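K.L.:
Sharing a structure with you now.
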Amino acid sequence: MAEKAEIHLLDKDGKNVQKKIKVMFNPTEYTFSEAAEIEKKKNGQLEFKKMSRSDFSVTLFFDSYEEKEDVRNKTNEIADLLKPTVEGQEKKRPNICLFAWGGFAYKGIITKVDQKFILFLDSGIPVRADVTIAFKCFESDEELEKKAGTEACRKLWKVKTGDRLDLIAHFALRDVNQWRKIAEINKIINPISFPEEGDVGRTIIIPNIY
């Protein structure tokens, strides 16, 4: 029997599986790409900076015609992964998911689910659908560090209350102007409000500066 592709719902750290959803039919194709970021230094030398994964999408086929059941009972299980998890004080966070099939795995946030219904019962109930799922890559601090090539000579900073990116840049790199590079390598979306509640206790990467 062919191995079925699965979508795993992970915990908030993107490590442990909370739930598994098996697809009805394996995809017929998908496209995946990685890119190496290279920087040219002032002395003319080229330096590897990091690896990055592009966004990923895959289309899955669902068919409940023989059972004469509403196919949305199956497709909505995936669409529900778009809904955020509500934590304490109504704080919402997107679900981290993993698409896994045949040794390939892509971890990310599901940002869009398109459901195209292509067969209906006389009652109007859909029984066949193509579902396209779009993922945006999610990487943990450890994965970011590895892709940045810093695991061999890493320089890290554990964030505490009162830290600011410019202060971290000053103490770690002796140059407050390097706060932008710290924000970029750690994918800090709102550097002005950093650190937010979820950032305290986080370990961030300090980039090499030449």
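Values in this text are rule-based calculations from the coordinates and carry no lab data. Bear in mind the structure is a predicted one, so any value in this text is a computation, not a measurement. With ideal geometry, Cβ positions are generated from the backbone for all residues, glycine too; neighbour counts draw on all protein chains shown.
K.L.:
Can you say whether Asp80 is of a type in the set (D, E, K, R) and closer than 30 Å to Phe120 by Cβ, as far as the supplied structure shows?
P.N.:
So Asp80 passes the test.
K.L.:
Mind checking which residues of region 174-194 are closer than 24 Å to Ala36 by Cβ and either aromatic (Phe, Trp, Tyr) or part of a helix (DSSP H, G or I) (or both)?
P.N.:
Of everything in region 174-194, those that are closer than 24 Å to Ala36 by Cβ and either aromatic (Phe, Trp, Tyr) or part of a helix (DSSP H, G or I) (or both) turn out to be Gln178, Arg180, Lys181, Ile182, Ala183, Glu184, Ile185.
K.L.:
Identify all residues within region 24-52 that are surrounded by 14 or more Cβ atoms within 10 Å (Cβ to Cβ) and in contact with a Lys or Arg (Cβ under 6 Å, 6 or more places away or on another chain); write none if there are none.
P.N.:
Once the filter is applied, which keeps residues that are surrounded by 14 or more Cβ atoms within 10 Å (Cβ to Cβ) and in contact with a Lys or Arg (Cβ under 6 Å, 6 or more places away or on another chain), region 24-52 yields Lys50, Met51.
K.L.:
Further, regarding this structure: Taking the criterion of being over 16 Å from the mean Cα position of the chain (by Cα), of a type in the set (Phe, Trp, Tyr) and either closer than 29 Å to Lys187 by Cα or assigned to a loop (DSSP other than H, G, I, E, B) (or both), would at least one residue in region 92-102 satisfy it?
P.N.:
yes
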